[in-house]
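Values quoted throughout were computed directly from the atomic coordinates according to the rules given, and no laboratory measurement underlies them. Not measured: the values here are computed from a predicted model. Methodologically, a virtual Cβ is constructed for each residue, glycine included, from the backbone with ideal geometry; neighbour enumeration extends over all protein chains shown.
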Amino acid sequence: MDNKYDMENAKTFLEEFMARRNAEEGVICMAGDQASKFDYQILKTGIPSCHRVLTTGQDTEEVLFRLQGVLMDVNLGPLKECLQSPRPLSKKFGGKELIHSIELSGLGSNVFDQGVMNLYLWDLRLSRMFEAAYWNQWTPESGKADTTLLFTNRVLTPSFLCEGGEELPLPSELGKHAKALVQDGSHKYILDNEISLYEHVKTADQDKYVQVPYTTFRKGDVVEVTFSLIILPTTSGKRCTKLVLRGLSLESAAYTNAMMIRKAMEAVDMKKRKRSNSDEGKPKQKVNFRRAKCYKEEEDMEKEVEVTDGKLQEMDITKDT
């Protein structure tokens, strides 16, 4: 994170936010006590077909987990290229996936780390669907100062994976490349590709969630991620857990805005210092003043001088020539 970002206050705000959400009923927060204290089943179902964590009962649905954190990276915009991920993740997912992704950090928060521990436990539960030799253990993103989690979802689904699935209208913000892939029939936009984007608006008069465009989100924002857990095959023939991005809600952009203002002010100050330093020790520039020529010919100028001299001798400079 940029050194202009107020890490300590952002971390305090995040922990308070997580505590509020963990205490709410009906919300399955991965960092809370209810992360696994509910009835569930793991079945191979849905379009595309894969193992998913589902509720029990007659009307089953996919279990949606919540986790709060700070955005360390966000890629929700239009596709830049037809057959490559907008960010360098293609090798991890087979090289031919079209992926939206975010990275989430807890800034070293112990509450966030508890959510990571619960994810490890869920990975162990899912792994028992297969032999241990055919399972790749889930791990957070490596090479980061703090624990960082990656959430992804397909922008489009290859047509051969979603035969019989209902095709939905393609959102315009996905761009012309996505439109071209849908038009040629190689990919489809289905329910499994949808990501719900919201902002939590809380004032003295209202407390609600409003839909927002993908451009709302910035690195450094405090957000809540909604995600599901599925099992996918790897290129090596094994299985692994994937955190599928289902929704994103902006809780606070205050720390991001403050960081951007500090950076802008520093840039202005730096320009002033450079200008001041460049002027030091330099002699002041001399301004050469030269009257513009008012006469086309030299004869005209000499004639005007003679006339003026005559007027001065007669002490009557108002006389017309």
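Looking at this model, which pairs from K44/K202; K37/K219; K219/K242; K44/K179; K4/K242; K44/K238 are more than 28 angstrom apart at the alpha-carbon?
K44/K202; K37/K219; K44/K179; K4/K242
When V225, V201, V63 are ordered from fewest to most other Cβ atoms inside 10 Å of their Cβ, what list results?
Ordered by Cβ neighbours within 10 Å, fewest first: V201, V63, V225.
Please report D113, D39 as a ranked list, fewest other C-beta atoms within 10 angstrom at the top and most at the bottom.
Lowest to highest Cβ neighbour count: D39, D113.
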